[in-house]
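Worksheet: the structure to be examined is printed underneath.
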Amino acid sequence: MSNFNHLKTGLSAPICLTWELTYACNLSCAHCLSSSGRRDPHELSTDEAKEVIDQLVEMNVFYINIGGGEPTIRSDFKTIASYALSKGVGVKFSTNGSRIDRDMAQWISEESYLDVQVSLDGATASTNDEIRGPGSFQTAITALEVLQSAKAPSVKVSTVITNKSISQLDELYALSASYGAQLRVTRLRPSGRGALTWASLKLSQVEQEYLFRWLSCHRDVLTGDSFFHLSPLGDPLDGLNMCGAGRVVCLIDPVGDVYACPFVIHDSFRAGNLRDTSFMEIWRHSKVFECLRNETGPKSCSTCNAIDSCHGGCMATKFFNGLSFDDPDPECVFGRGAMTLSRVKTSIMPDLSRSRPIYIRPNKSAKNSTVASRKI
Ligand code: SF4
Ligand code: SF4
């Protein structure tokens with residue numbers, strides 16, 4: 001049985017649960033999927049976060065991806081992550097590196113089942129900083145150095161691939177390896193601030209084909225479910241190879257709202273709130289997730305020979321471009337999405353109200369942490 005047939009009606013618990021602990025961030029990346037910057041004053045408290053973890057344990061969720069915003073900005077970040085680890089829930093967290101000092105790196109190196117991924121959107125400062133802001137390249141590199149010195153295992157470098165960085169894939173691969181890290185490449189989606197930059201940063205058809213060939217030759221590069229829409233170009237890439245939104249994937253936001261996937265933070269995909277409904281109830285019985293599990297696939301793709309490897313592509317990329325479930329992926333490798341997109345007049349605008357970055361104190365031990373000490 002294919003992954004799709006097995007997973008399309010959903011599992012009893014998510015296998016890829018992202019938890020944005022805070023929307024607070026000291027950067028203002030051009031493609032930020034959650035339009036992060038300002039902290040939401042109604043964030044879940046430490047005790048509420050622990051209660052959520054208890055619920056996840058009850059459902060046998062075996063790991064969580066913690067993100068943000070910059071999750072390490074929360075003063076209880078270690079407390080929450082350590083609580084999850086103590087309950088047997090593995091933690092992977094994403095960071096821009098601003099708060100990775102020696103103490104944090106030491107803690108990471110000592111904990112089993114704790115992975116860190118440092119975001120870097122180019123192999124050079126000029127490429128990365130154009131997307132992530134001045135000084136962010138050096139900050140990430142400093143974090144990688146500190147992690148390497150502490151002998152932290154399982155470090156990843158996470159790159160959202162754009163037309164600015166596609167020519168630097170080999171350099172990104174080598175740079176990651178030089179710090180003992182594994183490269184992870186993800187797809188640019190028009191979510192959050194990405195709605196404003198997607199059209200100018202997305203890959204061309206030629207660049208998509210290059211990326212597919214490059215990934216096919218670098219099977220040790222992690223991709224999550226990012227590029228299954230490229231699989232019609234040849235042998236399917238490794239990974240889930242389907243849209244798992246509400247089936248095996250979901251997101252908890254800083255105030256406890258649960259969404260179908262990290263890239264669809266929008267009322268249309270909000271399944272409930274953890275302050276009034278348990279996670280188990282939302283995951284198993286919410287209307288939004290039930291609808292997603294009953295989706296039979298895009299009608300306009302039904303005649304495509306590649307439907308079994310592409311399944312019509314990414315729901316988030318369609319939605320924020322103003323397309324429906326029934327349309328092809330806007331980056332369909334056969335050009336069907338581009339044709340559909342050219343007829344669409346309005347795209348969906350995300351909430352950008354929290355977009356202004358905050359100021360945080362520089363790391364004690366990280367040298368040259370230019371972003372952290374920058375007055376914003
Ligand atoms: S909507 Fe897109 S990003 Fe979200 S789970 Fe589906 S394919 Fe992945
Ligand atoms: S037509 Fe649909 S299923 Fe076929 S490749 Fe394009 S998006 Fe994928």
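The numbers here are math on the coordinates, done by the rules we state, and not lab data. In this text, all values refer to a predicted model and were calculated from it rather than measured experimentally. Positions of Cβ are generated from backbone atoms using ideal geometry, with glycine treated the same way; all protein chains shown enter the neighbour counts.
Comparing Phe137, Phe77, Phe320 in a Gaussian network model of the chain where C-alpha atoms under 10 Å apart are linked, the largest mean-square fluctuation is found at Phe77.
Taking the Cβ-Cβ separation of Thr46 and Asp267 as r and a Förster radius of 41 Å, what is the calculated FRET efficiency to the nearest 0.05? Please report the intermediate quantities before stating the final value.
Details: r = 28 Å, r/R0 = 0.67.
Efficiency, rounded to the nearest 0.05: 0.90.
Based on the reciprocal of the average 1/r between different C-alpha atoms, the Kirkwood radius for the chain equals 20.9 Å.
Quick check for me: using +1 on Lys/Arg Cβ and -1 on Asp/Glu Cβ, what's the dipole size of the chain about its Cα centre, in debye to the nearest 20? Please report the intermediate quantities before stating the final value.
Details: 39 positive and 40 negative charges, 150 e Å.
Computed charge dipole of the chain: roughly 720 debye.
Apply 1/(1 + (r/R0)^6) to the Cβ-Cβ distance of His6 and Tyr359, taking R0 = 41 Å, and write down the FRET efficiency to the nearest 0.05. Could you put the intermediate results ahead of the total?
Values: r = 47 Å, r/R0 = 1.16.
So the FRET efficiency works out to roughly 0.30.
Close amide H contacts of Lys156 (hydrogens built in the peptide plane, cut-off under 5 Å, sequence separation of 5 or more or a different chain): Val116, Gln117, Val118, Gln182. Maximal additional length on extending the Glu290-Met339 stretch stands at 14.6 nm, based on 0.36 nm per residue less the C-alpha distance.
When the Cα gyration tensor is reduced to axis lengths a ≥ b ≥ c, the ratio a/c is 1.5 or higher for segment 82-178, and with a/b above b/c it is classed as prolate. If both residues of a DSSP beta bridge must be in the chain, then about 15% of such bridges are antiparallel. Using a cut-off of 32 Å between Cα atoms, the listed pairs Lys8/Lys151; Lys156/Lys202; Lys92/Lys345; Lys87/Lys318; Lys8/Lys156; Lys92/Lys299 include Lys8/Lys151; Lys92/Lys345; Lys87/Lys318; Lys92/Lys299 as exceeding that distance. Across segment 123-247 the C-alpha pair distances fall into 5 Å bins from zero in the proportions 2, 10, 19, 22, 20, 15, 9, 3, 0 percent. Only Cα pairs under 8 Å and 6+ residues apart enter the sum, and on that basis the relative contact order of the chain stands at 23 percent.
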